[in-house]
Structures are given as C-alpha cells and as structure tokens.
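Okay, structure first, notes after.
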Amino acid sequence: MKYLLVIALILGVFWLWRHNRQVENKAHQTPPAGKKGAPAKALTEMVACPVCHVHLPKSEALPGGKGFYCSEAHRREAES
C-alpha cells in the first residue's frame with residue numbers, strides 16, 4: 001500500500017511539473033497585448049518600370065510623363 005502511495009505522489013508531482021511547463025510555454029508564445037491584429041509592416045504600392053519591367057516601391061520610383069521609372073536613364077529613354 002505504501003508503494004502505491006509513493007507512486008501516486010511521484011505521478012502527481014510529475015503531472016504538476018509538466019502542466020506548469022505547458023502554461024509557461026503558452027504565456028511566452030502570445031503576442032503583447034497592444035500588438036494584436038496590427039500588421040508587421042505597412043504595405044507599399046509597387047509600380048513597374050515601362051522600360052525594363054522591374055517592380056519597385058512607388059516611393060523609390062522616379063515619376064515621368066508616361067509612368068514611373070526605376071532610373072533616370074530609363075526615364076530619358078522612354079520620354080525621348
């Protein structure tokens with residue numbers, strides 16, 4: 001009878017240890033409270049150069065009369 005009690009005690013301690021580890025892992029995996037649902041990075045509009053068809057962010061493109069270009073040389077080539 002005492003062996004059964006010792007085995008039950010060991011199993012109870014083991015279960016508590018595993019349960020606490022699982023709770024700690026779940027706590028570390030959740031994002032901070034203020035960051036839920038917020039996108040990681042803002043989306044930028046992409047444009048294609050009409051000369052070489054390279055896609056680049058609109059903020060980095062050079063505007064021209066016929067669209068946006070990846071470089072000054074391509075803007076001059078397309079508009080001449």
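The values are calculated or read from the model by the stated rules, or taken from the named source; none is laboratory data. Computed from a predicted model, the values in this text were never measured in an experiment. Glycine gets a Cβ as well: all are built from the backbone with ideal geometry, and neighbour counts include every protein chain shown.
Which one of these is loosely packed, with under 10 Cβ neighbours inside 10 Å, in contact with a strand residue (DSSP E or B) (Cβ under 9 Å, 6 or more places away or on another chain) and modelled with pLDDT under 95: Glu45, Glu72, Glu79?
Glu45
Would you mind stating whether Ala27 is modelled with pLDDT of 95 or more and assigned to a helix (DSSP H, G or I)? Step through it out loud before you land on a result.
On the way: modelled with pLDDT of 95 or more: no; assigned to a helix (DSSP H, G or I): yes.
It is false that Ala27 is modelled with pLDDT of 95 or more and assigned to a helix (DSSP H, G or I).
Is there any pair with a first residue in the range 62-75 that is touching a residue at least 24 places away in the same chain (Cβ under 8 Å) and in the same structural domain as Val47 (by TED's automatic domain parsing) and a second that is surrounded by fewer than 18 Cβ atoms within 10 Å (Cβ to Cβ) and not small (Gly, Ala, Ser) whose Cβ atoms are under 6 Å apart and which are 6 or more apart or on different chains, and what are they?
Within 6 Å, the pairs are His74/Val51.
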